[in-house]
Structures are given as C-alpha cells and as structure tokens.
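Report on the structure given below.
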C-alpha cells in the first residue's frame, strides 16, 4: 500500500519536475556551455576558450561598473520599497473613512504592466514637455529644469525612484496581511505595561511580522536585481551606460552585439551572485526561527 502511495506521489510531481528540468536546468547548462566559448562575431566562428573567458570578463572594467551599478540599484530600490511598503501598511491598517478605496488606489502602480509604468515615468521625466520640469517651472525654478534621463548623474536616481513607486505596493500588501494577523491582546497588554506607540511597534509589531518581513526582503531583492523593463524603457542603459545593470547589459551583449558567450558569462556570474545572497538570507531566516 505504501509503495502504491509513493508511486502516485511520483506521478503527481512528475510533470512539475519535467517542466523544471526543461525550462530551468537545460537552459542553465546550455548557458554555462556557451559561456566557455568565444562567440564574438568579429573573431570569426565560435571557439572553445574555457575559463579564460571569465578571467577576461573580470579584467574588463565594464563588468565591474555594471556590477556596482547592479548592487546600488538593488539595495536602493529594495530598501525603499520595503520601508515605504511597511509605512503604508501601518497607515492602511488603521481605520479611517474610505479605507477600502485608498487601499485599491495604492495598489495601482503594482498592477500596472511594467512597460506601461515605465512609459508613464518617461513622460514625467521628458526634458521638454515632462510633468516634472513643468512643475519646477511653475514653482519659479525654471532655470533648474534638466534632462532627468539624459544626465549621467541623475539618470540612475530617476530610474530608482520610478522602480520604488512601481514595486512598493507588493511589500505593502504582504506586510498589511501580516499586520492583520497580529493578536490585538498583545497590544492591549503592552498598553497596560505603559508602552507607547514606538515601543509597541518595536516589541510587538516587528517580532510578529518578522517572518513575513524577511521573506519580502528576499523576494524584492531577487526581483529587483533581475528587473529589466523599467531601465530598458526609460534609458536603455544609458546615458554612457550609467544605468546599465546585469539584465540590460546581458541584453545589449546578446542582441546588440550578438556576443552570446560574454552575455552567458555575465548571466552565470549574476546567477551565482543571486544564489549565494539567497542562501545567506535563507540561512539567516532559519537561524532566527530556531532562536
């Protein structure tokens, strides 16, 4: 009977395992294979170069630059998405008139398709007819109007701001659900002990939602690192590659220069980076749960 149950279990999970192998492991192994070749069209036919391609990639200053920009992009966007999402969840967890309507409106940026959201911000940032420069002019600071997406020092700030707006409702939604599961008697006990609002937040709210908060941080960090359409639509990685992150750089190498070997090497390095960071975060989560 037990053998029959195990057989049914394998039959049920079989299709999922098959899809996982076909859609994940086979492309991953193929990318690893391509990364060990020189596929630059200017060098002729593809040839096997082994790990020397990775050494050359690390020596290439562009990869270091893209790596640093990817870290800045991920840390800034993920941090502010989670912080703003937590603040919004705390506010929307309170009772006030038309709370249901406000909750629905706050979710709009998240439910918008990424390309539509990026095009919207492109109109906002337009150097000639954009809303932001028009607002600056109406406030009497017209001489400070600038090309937000065409200035290297401002372009990364601009796309980070747009990405925060696009993604913070997800963190808010998850944390709002966690807040609603916190027992109210814990707050009542804290009030009896003389705890003010800040102490209630630190000693009651945060410990109660810590599991969901850590999961949100992990998911948002991974998604942000791999987020493509916002930067691609707004800047395409420019100006002067000042907003290139790993996904946009991989796209440029693959479909702009048809250098699939170099693109695969960047992909493998990005995968290993995300994999290691995820392992560290997951291990820390399990460690805190055991404690």
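Overview of values
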| read-out | value |
| --- | --- |
| Candidate set: the range 222-238, residues that are part of a loop (DSSP other than H, G, I, E, B) and more than 14 Å from the chain's Cα centre (by Cα); chosen: the one surrounded by the most Cβ atoms within 10 Å (Cβ to Cβ) | 235 |
| Residue in the range 56-69 that is more than 22 Å from residue 224 (Cβ to Cβ) and either in contact with a strand residue (DSSP E or B) (Cβ under 7 Å, 6 or more places away or on another chain) or part of a loop (DSSP other than H, G, I, E, B) (or both) present | yes |
| Answer residue from the range 174-192, given it is within 18 Å of residue 87 (Cβ to Cβ) and not in a helix (DSSP H, G or I) and is nearest to the chain's Cα centre (by Cα) among those | 180 |
| Yes/no for residue 204 being in contact (Cβ under 8 Å) with a residue 24 or more places away in the chain and touching a helix residue (DSSP H, G or I) at 6+ places or on another chain (Cβ under 9 Å) | no |
| Every pair of residues 6+ apart whose Cβ atoms lie under 7 Å, when the first sits in the range 91-115 and is touching a residue at least 12 places away in the same chain (Cβ under 8 Å) while the second is exposed (fewer than 15 other Cβ atoms within 10 Å of the Cβ) | 92/99; 92/102; 93/180 |
| Lone qualifier among 154, 105 - being surrounded by 15 or more Cβ atoms within 10 Å (Cβ to Cβ), closer than 30 Å to residue 245 by Cβ and out of contact with any helix residue (DSSP H, G or I) (no Cβ under 7 Å at 6 or more places or on another chain) | 154 |
| Some residue of the range 40-51 being assigned to a loop (DSSP other than H, G, I, E, B) and within 30 Å of residue 164 (Cβ to Cβ) | no |
| Any hit, the range 252-260, residues being at pLDDT 85 or above, outside any helix (DSSP H, G or I), surrounded by 21 or more Cβ atoms within 10 Å (Cβ to Cβ) and in contact with a helix residue (DSSP H, G or I) (Cβ under 9 Å, 6 or more places away or on another chain) | no |
| Checklist (1) in contact (Cβ under 8 Å) with a residue 12 or more places away in the chain; (2) in a helix (DSSP H, G or I) applied to residue 241, failing item | (2) |
| Index of the failed condition, residue 219 passing every other in (1) surrounded by fewer than 21 Cβ atoms within 10 Å (Cβ to Cβ); (2) over 16 Å from the mean Cα position of the chain (by Cα) | (2) |
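The values are calculated or read from the model by the stated rules, or taken from the named source; none is laboratory data. None of the values given here were measured: they were computed from a predicted structure. For neighbour counting, all protein chains shown are included, and Cβ atoms are generated from backbone atoms with ideal geometry for every residue, glycine included.
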